[in-house]
Structure formats: C-alpha cells, structure tokens
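The values are calculated or read from the model by the stated rules, or taken from the named source; none is laboratory data. Note that the structure is a prediction, hence the values are computed from the model and not measured. When we count neighbours, we look across all protein chains shown, and the Cβ atoms used for this are built from the backbone with ideal geometry, even at glycine. Side chains included, ligands, DNA and RNA excluded: accessible areas come from the protein's heavy atoms. Shrake-Rupley method; radii C 1.70, N 1.55, O 1.52, S 1.80 Å.
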Amino acid sequence: MITKQLTTNDVRQAAEILRAGGLVGIPTETVYGLGSDGLNSEAVGHIFQAKGRPQDNPLILHIPEASWLERYCQEIPPCAWDLAERFWPGPMTMILRRKPLIPDVVTAGLDTVGMRCPAHPVCREIIRLADVPVAAPSGNTSGRPSPTTAGHMLEDMDGKIEAIVDGGPCSVGVESTIIDLTCTPPRLLRPGGITLEQLESVLGEVVVDQAVTRLMTAGEKPKAPGMKYRHYAPKAPVTVVTGEPAKSAAYIASHAAAEDGVICFDEFLPLFTRQSETRPVMDLGPAGDKEEQARHIFDALRQFDHTQVTAIWAQCPDDSGIGLAITNRLNKAAGFHIIQV
Ligand code: TXA
Ligand code: MG
C-alpha cells in the first residue's frame with residue numbers, strides 16, 4: 001500500500017477514506033493518532049494490525065462535540081459535563097459506561113469506553129466531515145514513543161495505512177489525560193495535557209492510579225490496560241535522574257560514559273557537548289518551561305534510535321503541573337529505573 005501524504009487542504013479526502021473503512025494518520029494537539037471509523041469493526045481491527053497492538057488494549061473514541069457523548073455512553077455523571085464544559089475541546093479523555101452499539105473490538109470487551117473531543121482544528125474538521133466517532137490510538141508502532149510530527153508517524157506507518165494528514169507539530173506533545181469517571185472518587189489513569197491540579201479544581205478529590213507512578217509487577221492489572229506495557233522506549237536502556245536540575249546534570253556528567261546519550265534541559269547542553277564531541281545530546285527545553293519540555297520529550301526519545309548509543313541518561317522535571325505527564329513518560333521509557341539526587 002502507498003501511504004498518501006495529505007495536507008490540511010485535503011480534509012475532505014481524509015474524511016472519505018475514514019468513511020470507506022480506511023486508516024488515516026490525523027494530527028491532534030497531543031500526538032498524531034491512527035484513526036478509523038469507530039463503528040466499523042473491520043476497520044478498527046486494521047488499527048491493531050498496523051500498530052502491532054495487543055487486542056486487550058482498548059481504543060478511545062474521538063468526537064467533535066460533547067453532545068455526542070449521549071450517543072455512545074450511558075449513566076453519564078454530572079461531573080462529566082462539568083469537565084467537558086471546562087476542558088473540551090482539549091487534551092482530556094473521560095472513561096464512561098458505554099452503550100452496546102460500540103463494537104467490542106474498540107473497548108476490548110470492557111463495559112466502559114474512553115471519549116475525547118480533540119482541540120486541533122484540522123482533526124475536528126476531519127471528524128465532523130466523516131460524521132462518525134473516530135477510534136484513534138497514538139500513531140506509533142506499539143511500544144515506541146508516540147509521534148508528535150507527521151514525519152515521526154511515517155517512520156512507523158509508511159506503507160501500512162491509506163493516508164496521513166500533516167497538521168504540523170503537536171502543540172501539547174504528550175497524550176491526553178485519562179480520567180475514569182466510573183468510580184468514586186474519580187481516578188487519574190494517565191497524566192497528560194490537562195493537569196491533576198486542573199482536574200481537582202472541578203472534581204475535588206482525584207485518586208492517582210498506581211500505574212502512573214510505579215512499575216506494575218507481573219500479574220497486576222492496571223485500570224488502563226495500556227499502562228501495563230513497556231512503552232515509549234527507545235532501543236537503548238534509559239536511566240532517569242530526578243532532583244534539582246543543577247544536581248541531576250552534575251550526576252549525569254560524572255556517571256555517563258563519553259558515548260552515552262543524554263536528554264537534558266537547555267541550560268546544560270554546553271556542559272554535555274563540551275564533555276564529549278561524539279555524544280548525542282537532546283535538549284528538552286528550559287528547566288523552567290515544562291510546556292516546552294512536553295513538546296520535545298517524544299522526539300528526544302525517538303532520535304536516539306537513529307544513533308548507536310547503548311545507554312541514555314535523562315534529566316527530569318518535578319511532577320507538578322504537566323511535569324507529572326513528562327515524568328510518567330520518562331519513567332515508563334526507563335522501566336522506572338530512576339535515580340533521585
Ligand atoms: O492524546 C491521546 O489520547 C491520543 C490522541 C491520538 O488522541 N490517543 C492515545 O490513544 O493516546 P492510545 O490508544 O495510545 O492510549 C489510550 C490509553 C491506553 O492506555 C488504553 O489502555 C486506555 O487509554 N484506555 C482506552 N479505553 C479505556 C477504558 N475503557 N478503560 C481504561 N483505559 C482505557
Ligand atoms: Mg499510545
């Protein structure tokens with residue numbers, strides 16, 4: 001199959017491919033998604049094949065406006081409407097009770113479904129024109145870092161999908177926040193673009209699922225099935241170093257071998273490049289700008305697969321605000337191999 005590279009002028013063509021049961025790479029504000037008609041079981045099945053995704057890992061449905069929740073969900077609690085009002089369109093996915101019309105392949109047989117109304121204008125236009133809920137996981141091969149540019153997604157999906165729409169680099173850079181509203185208190189299953197603090201301002205108490213902050217042991221079942229898989233991982237093993245930025249930089253500088261890869265805050269780039277001319281170094285953004293760090297984290301992890309590095313060291317922000325999402329992605333990439341300095 002030849003993957004068509006579409007531009008933002010081709011939204012109609014992208015919508016037609018979706019309606020015909022094809023797979024399309026779509027830009028969202030978080031990461032690129034691999035979309036299909038969420039009501040077409042066969043098309044949804046092709047998503048799992050293209051990604052090499054385990055069948056027990058459910059997909060989320062993307063809708064153009066909150067009113068569509070009623071088509072696909074039941075027993076919707078009032079707080080879902082409050083959250084939608086406040087944070088949609090935007091980087092938040094709500095887990096709700098599903099209606100039976102959603103194919104089992106989407107929800108991996110669960111009686112719940114993840115619902116998201118994305119903010120990217122091109123994505124919204126494609127969904128509106130297709131006039132179907134769009135099932136879309138992140139557009140990476142299963143286990144690899146999520147794609148935040150059309151180029152990243154082509155690396156993984158060229159030849160496996162009908163088309164990809166280039167809507168530019170993603171403005172958030174980490175996937176949506178997943179909040180489970182089928183339990184009390186609501187439970188944060190994956191930190192993302194909408195922060196825990198923002199959720200708490202609407203919901204009051206929010207429980208952070210254990211899978212967010214620690215490694216699941218064999219046999220444990222996280223509530224978001226996807227959180228149990230090794231994830232976001234470059235080929236070389238990653239060590240995360242947390243703590244005050246100057247200290248974590250000093251720790252890495254004294255422990256990394258000359259040829260090891262380093263992910264660092266901008267301020268420390270000269271330190272690491274001066275130390276070794278051959279070392280691949282990826283800068284995340286300024287130590288004080290977590291939004292910028294979120295935009296670069298997946299690209300940084302991905303770039304090392306184009307190098308020969310056998311070990312990667314990463315500085316990491318604190319976990320307030322969107323720092324919780326960055327920390328979670330880095331820790332998962334590192335298999336929770338974390339050094340606190
Ligand atoms: O930002 C995003 O959410 C991106 C863009 C494309 O919208 N999508 C995305 O999808 O990250 P995916 O499939 O890569 O991650 C969805 C996560 C998985 O960990 C999955 O297990 C979990 O959501 N999930 C989906 N449905 C669920 C459900 N009913 N209950 C619990 N977890 C669910
Ligand atoms: Mg994913």
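Restricting attention to segment 161-208, the residues being in contact with a strand residue (DSSP E or B) (Cβ under 9 Å, 6 or more places away or on another chain) and not hydrophobic (A, V, I, L, M, F, W, C) number 17.
Might you check whether a residue that is within 25 Å of residue 39 (Cβ to Cβ), open to solvent by 20 Å² or more (accessible area, probe 1.4 Å) and either touching a strand residue (DSSP E or B) at 6+ places or on another chain (Cβ under 9 Å) or assigned by TED's automatic domain parsing to the domain that holds residue 329 (or both) occurs anywhere in segment 134-151? The answer is yes, given that some residue of segment 134-151 is within 25 Å of residue 39 (Cβ to Cβ), open to solvent by 20 Å² or more (accessible area, probe 1.4 Å) and either touching a strand residue (DSSP E or B) at 6+ places or on another chain (Cβ under 9 Å) or assigned by TED's automatic domain parsing to the domain that holds residue 329 (or both). Out of curiosity, is residue 171 surrounded by fewer than 17 Cβ atoms within 10 Å (Cβ to Cβ) and among the small types (Gly, Ala, Ser)? Criteria not met by residue 171. Can you pull out every residue in segment 174-205 that is open to solvent by 30 Å² or more (accessible area, probe 1.4 Å), assigned to a helix (DSSP H, G or I) and not polar (S, T, N, Q)? Of everything in segment 174-205, those that are open to solvent by 30 Å² or more (accessible area, probe 1.4 Å), assigned to a helix (DSSP H, G or I) and not polar (S, T, N, Q) turn out to be 196, 197, 200, 202, 203. Restricting attention to segment 261-278, the residues that are part of a helix (DSSP H, G or I) and not basic (Lys, Arg) add up to 9.
Would you mind stating whether residue 302 is among the basic types (Lys, Arg) and open to solvent by 20 Å² or more (accessible area, probe 1.4 Å)?
It is false that residue 302 is among the basic types (Lys, Arg) and open to solvent by 20 Å² or more (accessible area, probe 1.4 Å).
When residues in segment 211-244 are screened for being more than 22 Å from residue 287 (Cα to Cα), open to solvent by less than 70 Å² (accessible area, probe 1.4 Å) and either without any contact (Cβ under 8 Å) to a residue 40 or more places away in the chain or within 16 Å of ligand 2 (Cβ to nearest atom) (or both), 13 of them pass.
Looking at segment 58-75, can you tell me whether even one residue there is within 19 Å of residue 186 (Cα to Cα), touching a Ser or Thr at 6+ places or on another chain (Cβ under 8 Å), outside any loop (DSSP other than H, G, I, E, B) and not small (Gly, Ala, Ser)? Scanning segment 58-75, I find at least one residue that is within 19 Å of residue 186 (Cα to Cα), touching a Ser or Thr at 6+ places or on another chain (Cβ under 8 Å), outside any loop (DSSP other than H, G, I, E, B) and not small (Gly, Ala, Ser), so the answer is yes. Of the residues that make up segment 195-203, is at least one within 16 Å of ligand 2 (Cβ to nearest atom) and among the hydrophobic types (A, V, I, L, M, F, W, C)? The answer is no, given that none of the residues of segment 195-203 is within 16 Å of ligand 2 (Cβ to nearest atom) and among the hydrophobic types (A, V, I, L, M, F, W, C).
Residue by residue through segment 299-333, note down the ones that are part of a loop (DSSP other than H, G, I, E, B) and farther than 20 Å from residue 256 by Cα. Hits for segment 299-333 are 318, 319, 320, 321, 322. Looking at 74, 55, just one residue is touching a Lys or Arg at 6+ places or on another chain (Cβ under 6 Å) and within 16 Å of ligand 1 (Cβ to nearest atom), and that residue is 74. Here residue 258 meets each of (1) of a type outside the set (S, T, N, Q); (2) more than 16 Å from ligand 1 (Cβ to nearest atom); (3) open to solvent by 10 Å² or more (accessible area, probe 1.4 Å); (4) touching a residue at least 60 places away in the same chain (Cβ under 8 Å) with one exception, condition (4).
On the stretch given as segment 83-119, residues that are outside any helix (DSSP H, G or I) and among the β-branched types (Val, Ile, Thr) total 5.
One residue stands out among those in segment 69-104 that are charged (D, E, K, R) and under 23 Å from residue 131 (Cβ atoms): the one that is least open to solvent (accessible area, probe 1.4 Å), which is 98. Total residues in segment 220-252 satisfying the condition of being over 20 Å from residue 143 (Cβ atoms) and not charged (D, E, K, R): the figure is 10. Among residues of segment 50-64 that are under 18 Å from residue 109 (Cα atoms), those with a Cβ under 9 angstrom from a residue that is of a type in the set (S, T, N, Q) and part of a loop (DSSP other than H, G, I, E, B), sequence gap 6+ or separate chain, pair up as 53/141; 53/142; 54/142; 57/142; 60/176.
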